[in-house]
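Report on the following structure.
The values are calculated or read from the model by the stated rules, or taken from the named source; none is laboratory data. Keep in mind the model is a prediction, meaning the values are calculated, not measured. Cβ sites come from the backbone with ideal geometry, for glycine too, and all protein chains shown count toward neighbours.
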Amino acid sequence: MASPAVLVSSPVPEPLVPAPLQELCEISLDKISVTALASVENHQAETPGKTKNSGPEMFRSRGRTRLAVAAPSSGLWTTKRDGEVKLRLDQSGVGCEPPITVHELFLKAVEQYGDYSALASKKRGRWTRLTFKQYYEECRVAAKSFLKLGLERFHGVCILGFNSAEWFISDIGAILAGGFAVGIYTTNSPEACQYVAENCSANVIVVENDKQLQKILEIESKLPLLKAIILYGEEVKEKRPKLYSWNEFMALGSQVPDDHLDQIIQSQKPNQCCTLIYTSGTTGKPKGVMLSHDNITWTARAGGEFVGLSKATERQEVVVSYLPLSHVAAQMIDIWLPITFGVQTCFAQPDALKGSLVETMREVRPTAFMGVPRVWEKMQERMKAVGAKSSALKRRIGTWAKVVGLETNMKRLKGSTDLPFNYRLARSLVYKKVQKALGLDRCSKCYTGAAPITRDTLEYFLSLDIPIYELYGMSESSGPHTVSHPKAHRLTSCGKEITGCKTMLYRPDPDGVGEVCFFGRHVFMGYLNMEDKTKEAIDDEGWLHSGDLGKHDADGFLYITGRIKELIITAGGENIPPVPIEDAVKEVVPILSNVMLVGDRAKFLSMLMTLKCKVNPDSGEPEDDLAPDVIEFCRKVGSQANKVSDIIRTRDTAVYAAIQKGINAVNERATSNAQKIQKWVLLDKDFSITSGELGPTMKLKRPVVLEMYQHQIAQMYSET
């Protein structure tokens, strides 16, 4: 690089493959046979677990493709749907592992974990399961059905709905058939769905229910390439041309010979695109992130090994699928890591985020769990509300246990192995009961990512002996880039690079803060049909520029401090990252739900704030009633408010004074006057996905907020 940079690489272990296999251009693998089941009629309705060996088995040869490495002339990126890229192979270690396709990955899973439960769904009160063999066969049937419908090579299959076995089968079936798997956010408008379908040249769209179907029917006439719509979550209410129920769709596969599908599978290469992840479009039109077979298969293996996932043959891991599958994190955690390690994926109910998630978790008892910050915050709020209603004795015991838990675990983060008696007592009296109530009593891997999480939330769960490990990455890095885990954990840090990945801090300032850049086999192929945007993201040396600002500590842990595009540049020319200030405010004023710092090109900083409130369980819309912990806070400071409108309408003296006290505390720690918050305003409604201020992963849409609340912002700056 022409500009100064700081480079940190993860340590490279001894090669994990025999030396002859390191000559990658000469690799070939023999054809193999795998056991397969012809149908899934005998799904067993029992609690999740390892299935018994099935009776007589059918054997069918599945041709495994030779490893088709990109031609030497291929570049590190492409924007063409049928393009190929040069794989970023290392000379040794996990980065030199032979590249494989999604199909080859799945074949390995069938070989190793064939009779283990892969997918578990609860319908009408009963759990039904698919083994890895059955799962694979269902994906093949779906692939043949897509071919029958006319799916063309490198064209999209869009999937619009809540997590389910049908979602997974459609996704992988599309890939096996030579198309692109393309998730669409369920909150997308018809126009946003149209944009994605047009951009990926969708031939087929799979929808969950009539609500999502109506969106597609509204835009169907504007999609000339669309050949079929498939409804999987309910029966078709009205017959229409090109509309199929799930059963009708799957029946089409019997008309396509296996040989035809196998030929398409064998033509696929690890360095070709198989999945498109569309960005949420917070700063412009959504971009189609092209992920190759190797992006997915390598990242799943390297990431899973880095965090110590167990293979099913040793101890089967269990995860709950509930986060939007149109997001790369959910796909990696729910689909690709499970196939790689034989993890069982259990589907939550569609109303998971409206309250049923904990019930599913208590039943499933996952061994690994991923929650975006808002999920953890909601758990924290609910637990505090329950605690507030407990007897005085239970509250005292709880407070004592949390003090002991935080103190002990903070020492453990620094390397201490001492487990004092009071900690062991608290674990027996409190921690185990809390973990069981949350369904986390078997969970040794609790993660968070996709947006910043406050130190307060991290410390709260740590005080209950539930360490939450942050991970960091992006769609363009196939998901994870750095991860914390039990042996490498620092509070508020997102960990260290996955083995085989590299980090560069581009143009670091005197404090060591620079743009975080990635290099490795997890770096995406490019943005579909967007050459200019791709060139902005991937530089001439192949580094992916994240747009995030970060720094390393002395031990190599990465801390994200903000985004370049989020930087507020004051009228005085000072660059101010808003996230640390916003986090500090939320920490000292716990009744605030969302805050956003403003002041770009202004003489001083101001802040928009919302109060924590109850949320409508059906619509997800914030309501006027204050959250229980906010009401408790109000009583402590002398306010009798029960609603957001009570506080806003009367400019409640006690609440406003408490907020200002918190602002003053944050300002006292500011490094300069330019970083002090001079004015703030409480908004009359919390931010939400439905109203547009938050993205699908609860990430703040700053440009949208600036536009929506321009009147309130202008008012703060006019009153000077």
* Structure fact -> Restricting attention to the stretch 387-405, the residues that are assigned to a helix (DSSP H, G or I) and surrounded by fewer than 12 Cβ atoms within 10 Å (Cβ to Cβ) number exactly 3
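For the stretch 497-527, enumerate the residues that are within 22 Å of the chain's Cα centre (by Cα) and either over 27 Å from residue 98 (Cβ atoms) or in the same structural domain as residue 577 (by TED's automatic domain parsing) (or both). Please lay out each step first, then the result.
From the stretch 497-527, those within 22 Å of the chain's Cα centre (by Cα) are 497-503, 515-527; that's our starting set.
Once the filter is applied, which keeps residues that are within 22 Å of the chain's Cα centre (by Cα) and either over 27 Å from residue 98 (Cβ atoms) or in the same structural domain as residue 577 (by TED's automatic domain parsing) (or both), the stretch 497-527 yields 515, 516, 527.
Listed residues 288, 308, 253, 303; which is in contact (Cβ under 8 Å) with a residue 12 or more places away in the chain, out of contact with any strand residue (DSSP E or B) (no Cβ under 9 Å at 6 or more places or on another chain) and not aliphatic (A, V, I, L, M)? Walk me through how you get there before you give the answer.
Details: 288 fails: out of contact with any strand residue (DSSP E or B) (no Cβ under 9 Å at 6 or more places or on another chain); 308 fails: out of contact with any strand residue (DSSP E or B) (no Cβ under 9 Å at 6 or more places or on another chain); 303 fails: out of contact with any strand residue (DSSP E or B) (no Cβ under 9 Å at 6 or more places or on another chain).
Only one candidate qualifies: 253.
Scan the stretch 452-460 and tell me whether some residue there is among the aromatic types (Phe, Trp, Tyr), in contact (Cβ under 8 Å) with a residue 40 or more places away in the chain and in contact with a strand residue (DSSP E or B) (Cβ under 7 Å, 6 or more places away or on another chain).
Of the stretch 452-460, the ones among the aromatic types (Phe, Trp, Tyr) are 460.
From the residues that got through so far, the ones that are in contact (Cβ under 8 Å) with a residue 40 or more places away in the chain too are 460.
Add one more test, that the residue is in contact with a strand residue (DSSP E or B) (Cβ under 7 Å, 6 or more places away or on another chain), and what stays is none.
The answer is no, given that none of the residues of the stretch 452-460 is among the aromatic types (Phe, Trp, Tyr), in contact (Cβ under 8 Å) with a residue 40 or more places away in the chain and in contact with a strand residue (DSSP E or B) (Cβ under 7 Å, 6 or more places away or on another chain).
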* Asked: of a type in the set (Ser, Thr, Tyr), within 28 Å of residue 617 (Cα to Cα) and crowded, with 18+ Cβ neighbours inside 10 Å, is that true of residue 408?
  -> no
* **Test set (1) outside any strand (DSSP E or B); (2) of a type in the set (Gly, Ala, Ser); (3) touching a strand residue (DSSP E or B) at 6+ places or on another chain (Cβ under 6 Å) - residue 602 fails condition number** => (3)
* Asked: Hey, residue 526 hits all of (1) at pLDDT 95 or above; (2) out of contact with any strand residue (DSSP E or B) (no Cβ under 6 Å at 6 or more places or on another chain) but one; which does it fall short on?
  -> (2)
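Only one of these is of a type in the set (A, V, I, L, M, F, W, C) and under 26 Å from the mean Cα position of the chain (by Cα): 630, 588, 595. Name it. Outline the logic, then answer.
Numbers: 630 fails: under 26 Å from the mean Cα position of the chain (by Cα); 588 fails: under 26 Å from the mean Cα position of the chain (by Cα).
The match here is 595.
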* In the stretch 92-107, what residues are of a type outside the set (Asp, Glu) and in a helix (DSSP H, G or I)? -> 93, 94, 95, 96, 102, 103, 105, 106, 107
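If a residue has to be of a type in the set (Val, Ile, Thr) and touching a Lys or Arg at 6+ places or on another chain (Cβ under 8 Å) to count, how many in the stretch 556-578 make the cut? Full working, then the answer.
Within the stretch 556-578, the first condition is being of a type in the set (Val, Ile, Thr), and the residues that meet it are 560-561, 564, 568-570, 576.
Those still in the list that are touching a Lys or Arg at 6+ places or on another chain (Cβ under 8 Å) too: 561, 569-570.
Looking only at that region, the number is 3.
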* **Which numbered condition residue 89 fails, given (1) of a type in the set (A, V, I, L, M); (2) closer than 26 Å to residue 341 by Cβ; (3) outside any helix (DSSP H, G or I); (4) in contact with a strand residue (DSSP E or B) (Cβ under 9 Å, 6 or more places away or on another chain)** => (4)
* To do: Take residue 618 and decide whether it is within 28 Å of residue 475 (Cα to Cα) and surrounded by fewer than 18 Cβ atoms within 10 Å (Cβ to Cβ).
  => no
* Structure fact -> Of the residues in the stretch 496-527, those that are part of a loop (DSSP other than H, G, I, E, B) and surrounded by fewer than 24 Cβ atoms within 10 Å (Cβ to Cβ) come to 499, 507, 508, 509, 510, 511, 512, 513
* Every residue from the stretch 414-442 that is within 25 Å of residue 360 (Cβ to Cβ) and assigned to a loop (DSSP other than H, G, I, E, B) -> 439, 440, 441, 442
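Could you pull out the residue among 131, 186 that is within 19 Å of residue 336 (Cβ to Cβ) and either in the same structural domain as residue 230 (by TED's automatic domain parsing) or without any contact (Cβ under 8 Å) to a residue 24 or more places away in the chain (or both)? Write out each step before concluding.
Working: 186 fails: within 19 Å of residue 336 (Cβ to Cβ).
Of 131, 186, the one residue that is within 19 Å of residue 336 (Cβ to Cβ) and either in the same structural domain as residue 230 (by TED's automatic domain parsing) or without any contact (Cβ under 8 Å) to a residue 24 or more places away in the chain (or both) is 131.
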* To do: Identify all residues within the stretch 375-411 that are over 30 Å from residue 330 (Cα atoms) and among the charged types (D, E, K, R); write none if there are none.
  => 389, 394, 395, 396, 402, 407, 411
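For the stretch 610-691, which fully contained helices (runs of 4 or more DSSP H) count at least 3 residues that are closer than 18 Å to residue 594 by Cβ and aliphatic (A, V, I, L, M)?
Numbers: elements: 628-637, 644-650, 653-668.
Hits in the stretch 610-691: 644-650, 653-668.
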* Structure fact -> Counting only residues that are in a loop (DSSP other than H, G, I, E, B) and either in contact with a Gly (Cβ under 9 Å, 6 or more places away or on another chain) or in contact (Cβ under 8 Å) with a residue 24 or more places away in the chain (or both), the stretch 569-585 contains a total of 5
* To do: Please find, within the stretch 535-547, the residue that is nearest to residue 87 (Cα to Cα) out of those that are surrounded by fewer than 21 Cβ atoms within 10 Å (Cβ to Cβ) and in contact with a Lys or Arg (Cβ under 9 Å, 6 or more places away or on another chain).
  => 542
* To do: With the condition kept exactly as written, say whether any residue in the stretch 576-587 is buried (at least 21 other Cβ atoms within 10 Å of the Cβ) and among the charged types (D, E, K, R).
  => yes
